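A short worksheet on the structure shown next.
The values are calculated or read from the model by the stated rules, or taken from the named source; none is laboratory data. Note that the structure is a prediction, hence the values are computed from the model and not measured. Every residue, glycine as well, gets a Cβ built from its backbone with ideal geometry; the counts of neighbours run over all protein chains shown.
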Amino acid sequence: MAKTILLTGATGFLGSHLLEALIKESYKVIILKRSFSNAWRIDKFIDEIKSYNIDIVPIEKVFEEQKIDVVTHTATNYGRKKEKISEIVDVNLMFSLKLLETATDFNIHTFFNTDTLQCKNISDYTRSKKQFVEWLKAFGEANKVKVVNLRLEHMYGPGDDTNKFIVWLMEQMFSNTSEINLTKGEQKRDFVYINDIVNAYMLLLRQSEYLPQVSEFDVCTGKQISVREFVLKFKDTIELMSSKSISTKLNFGAIPYRKGEMMEVAENVTPLLDIGWKPNFTLADGLKLVVSEFIERGKNI
């Protein structure tokens, strides 16, 4: 009998891709969203899932009405829309903790959490995420619930938010904006295609019975490149796929690095590789898919 998954963040970039994969594998899916959430990414799946507006319905009622086996928590607040610190903390820590507490109260078997490979003190977002992880591990170590913490590197793919770096960069280049101010771009990042990230969740979900009480996995390719190299590669891909020359001037060094900027990501993909996962999309292939989707969407507007 297929497990019932409670999925948060289903209307977002990662959550919507994960929702599609869960449905394809015949899981029963319950989603939590807000009554005012923009659900354009999941409109085609609405009839196949049960949805609760968490700003209206008490979270306890969801667990009372549904026999949930696993919670997969992807909802997050990045703080990219100038939210107050209290608003970021409310989602990334307080709501997450309430969800975790309720899951343990109803004896849920496994709690999957979406974490980041960024360091704690880079932003309010990362600080709030890491604070929740401390509580998550404490619950797991106390045998209240099995926990699986997935630490993601820079995910990308078709349908991402317009305030994300890659989509913003693409829109600027397609518009032939006169110039784009950037940092020197010496910092290295690991760019992971969305399908590979979803495959990691699905693999761990299938193997959850065999995982220890507390486990943590870095979801990354193990191949980091500098942001400068990435931007130049992305520009080349856009010119190739669109058959147009991009005249936008890239002003590397015009913006200073953030305080505490990570120049390289500390990551270890080996535990994930050891259980059978591997990235199937190269950066070159992933960028072509992103640009292709962007061009097609533009044709249909």
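Quick look at the values:
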| read-out | value |
| --- | --- |
| Elements of type strands (runs of 3 or more DSSP E) in segment 1-90, at least 1 residues being more than 23 Å from residue 116 (Cβ to Cβ), more than 18 Å from the chain's Cα centre (by Cα) and without any contact (Cβ under 8 Å) to a residue 12 or more places away in the chain | none |
| Qualifying residues in segment 119-148 (those that are of a type in the set (S, T, N, Q) and crowded, with 20+ Cβ neighbours inside 10 Å) - the one nearest to the chain's Cα centre (by Cα) | 126 |
| Residue under evaluation residue 143, criteria (1) free of Cβ contacts under 8 Å to residues at least 24 places away in the same chain; (2) more than 28 Å from residue 291 (Cβ to Cβ); (3) part of a loop (DSSP other than H, G, I, E, B); (4) among the polar types (S, T, N, Q), criterion not met | (1) |
| Residues of segment 228-250 satisfying the condition of being in contact (Cβ under 8 Å) with a residue 40 or more places away in the chain, over 20 Å from residue 195 (Cβ atoms) and touching a Phe, Trp or Tyr at 6+ places or on another chain (Cβ under 9 Å) | 228, 231, 238, 242, 246 |
| Any hit, segment 4-15, residues being surrounded by fewer than 20 Cβ atoms within 10 Å (Cβ to Cβ), farther than 29 Å from residue 142 by Cα and at pLDDT 95 or above | no |
| Pair list, Cβ < 8 Å and 6+ apart or interchain, from segment 282-301 residues that are over 17 Å from residue 190 (Cα atoms) to residues that are at pLDDT below 95 and among the small types (Gly, Ala, Ser) | 291/242; 293/159; 295/242 |
| Test: residue 103 is part of a loop (DSSP other than H, G, I, E, B), among the small types (Gly, Ala, Ser) and at pLDDT 95 or above | no |
| Per-region count, segment 165-215, residues small (Gly, Ala, Ser) and in contact with an Asp or Glu (Cβ under 7 Å, 6 or more places away or on another chain) | 0 |
| Set 166, 180: member being touching a residue at least 40 places away in the same chain (Cβ under 8 Å), outside any helix (DSSP H, G or I) and surrounded by 17 or more Cβ atoms within 10 Å (Cβ to Cβ) | 180 |
| Residue tally, condition of a type outside the set (A, V, I, L, M), crowded, with 16+ Cβ neighbours inside 10 Å and closer than 22 Å to residue 147 by Cα, over segment 46-89 | 7 |
| Matching residues in segment 189-209 - criterion: being of a type in the set (Phe, Trp, Tyr) and not in a helix (DSSP H, G or I) | 191, 193 |
| Segment 111-140, residues that are basic (Lys, Arg) and either within 22 Å of residue 277 (Cα to Cα) or touching a residue at least 60 places away in the same chain (Cβ under 8 Å) (or both) | 137 |
| Residue list for segment 16-40, filter: of a type in the set (A, V, I, L, M) and at pLDDT below 95 | 39 |
